[in-house]
Amino acid sequence: MKKRNTGLLFAATSVVSLTNWFLPSPSVASSPTVQLKTEPSLDKVLPSSEPVKLTLKVVDAQGQLLSNANLQLRLLTPAPTPWLSSDFPIVEATKLLEFNATAPSGKLQFEKVMPIRGTYQLQAKVTPKVVGDFKPFEQTLTFSVPEKPVKYRNLAILAAILLLAGFGGGWVIGGRQNVEPGEIAPQRVRLLLSGATIVAIAALLIVNISAERASTHAHSAHSHATTPAIQKSGGLEVRLSGDTNATVGQTATQTVQVTDTANGKPVNDVTLNIQAIALEDNELMFAYKTTPNEQGKFTWQEQFFDGAPHQVVVEVSPQASAARQFQPFKVAQFVEVEGISPPLSRRFISLGYFTGIFVLGLAGGLVLRRRRNEPEYQNI
């Protein structure tokens, strides 16, 4: 009897195990997430180049879009790397962009130029427009932008030039030198040191002049279209206001206000096509198409990282499904940007690298020349 019960228990256990093996287990519910896609792909994105189109999707556990989602977005630049500075050291570890947006279909897009190489953080705080539709959540998305290949090429060329120059200097110094009475050093050594001093002074002048131009070129005159910051058209009054003076490393706030000229009430059934253009090269730096909130406003914070003057342009157009129809029109505002010179410590680090490469070449030339001269000294 005991053997029979043991056999029945073994058979039941086997049936349960096989059932659990073949039947799919119930999925564990997960929270909603934000998905990020870039165009072009991240391996083709270059810093301080073409704008990158970032597409965000708010999806549920099944991957379906969550409609009527409010997003608070904050884009942060990469952290500083003390021994390998980027093109814009002041921009490192700062806020590049921040704004609140509504995604009626659960999807939104915007374009932004990434100033430096490294890992960016896009912080997203998502809440439902209708309370109870889904649970609010926060998510931090990270993506990396590679360095420009041309920088590696230029660095290799400069390092080769410094090595050759140092090797040539070491070769000259390591040779047999005749010191005439009253001379501190041989003539060839004195000529070499004089030439190195002139080159060093010229290099320091070039570096400081370039840094000075980078910090003051924002104040030079630029011709740009004079579009007013306040426009009345189609029964609407659109006002673009905010900071007209900005500083590299800090964000500037811009606000668009749309009201009805008849009753002064806010209007939100229009489309705002926002663009920030760097006037120095007439390049698009930021673009976003949205609608005003219930107060008829849209506010964003943006950093003008390159120190060039910018023009913020907002085109107002009617929505296709709205009863209010009018001809699209624009408002614009000029933003003067103050450039900041790189810290002196960063300049000394770069100078230390270049000096080290030169000294390495100098030591190599000196050692090889002395080894070559050893048989000559032995025969004397």
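The values are calculated or read from the model by the stated rules, or taken from the named source; none is laboratory data. Note that the structure is a prediction, hence the values are computed from the model and not measured. Quick reminder, even Gly has a Cβ in these numbers, built from the backbone with ideal geometry, and neighbours come from all protein chains shown. Note: accessible area is taken over every heavy atom of the protein model, side chains too, but ligands, DNA and RNA are not part of it. Shrake-Rupley method; radii C 1.70, N 1.55, O 1.52, S 1.80 Å.
So here's what we get for this one:
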{"item": "Residue match in region 327-341 (condition: open to solvent by 10 Å² or more (accessible area, probe 1.4 Å) and among the aromatic types (Phe, Trp, Tyr))", "result": "yes"}
{"item": "Residues of region 45-64 that turn out to be outside any loop (DSSP other than H, G, I, E, B) and open to solvent by 10 Å² or more (accessible area, probe 1.4 Å), as a count", "result": "3"}
{"item": "Candidates ALA246, ALA276, ALA322, filtered to the one that is under 25 Å from LEU71 (Cβ atoms), in a loop (DSSP other than H, G, I, E, B) and either among the hydrophobic types (A, V, I, L, M, F, W, C) or modelled with pLDDT under 95 (or both)", "result": "ALA322"}
{"item": "Flag if SER67 is open to solvent by less than 80 Å² (accessible area, probe 1.4 Å), at pLDDT 85 or above, in a loop (DSSP other than H, G, I, E, B) and on the phi > 0 side of the Ramachandran plot", "result": "no"}
{"item": "First in region 119-131 and over 17 Å from LEU141 (Cα atoms), second anywhere and open to solvent by 80 Å² or more (accessible area, probe 1.4 Å), Cβ under 9 Å, 6 or more apart", "result": "PRO128/LYS135; LYS129/PRO104"}
{"item": "Filtered residues of region 89-128 (kept if open to solvent by less than 50 Å² (accessible area, probe 1.4 Å) and within 15 Å of GLU147 (Cα to Cα))", "result": "PRO89, GLU92, VAL113, MET114, PRO115, ILE116, ARG117, GLY118, TYR120"}
{"item": "Given (1) touching a Lys or Arg at 6+ places or on another chain (Cβ under 9 Å); (2) in a loop (DSSP other than H, G, I, E, B); (3) open to solvent by 60 Å² or more (accessible area, probe 1.4 Å), index of the condition TRP83 fails", "result": "(1)"}
{"item": "Scan of region 279-294 for residues that are at pLDDT below 95, open to solvent by 70 Å² or more (accessible area, probe 1.4 Å) and closer than 19 Å to ASN100 by Cα, ordered by number", "result": "GLU294"}
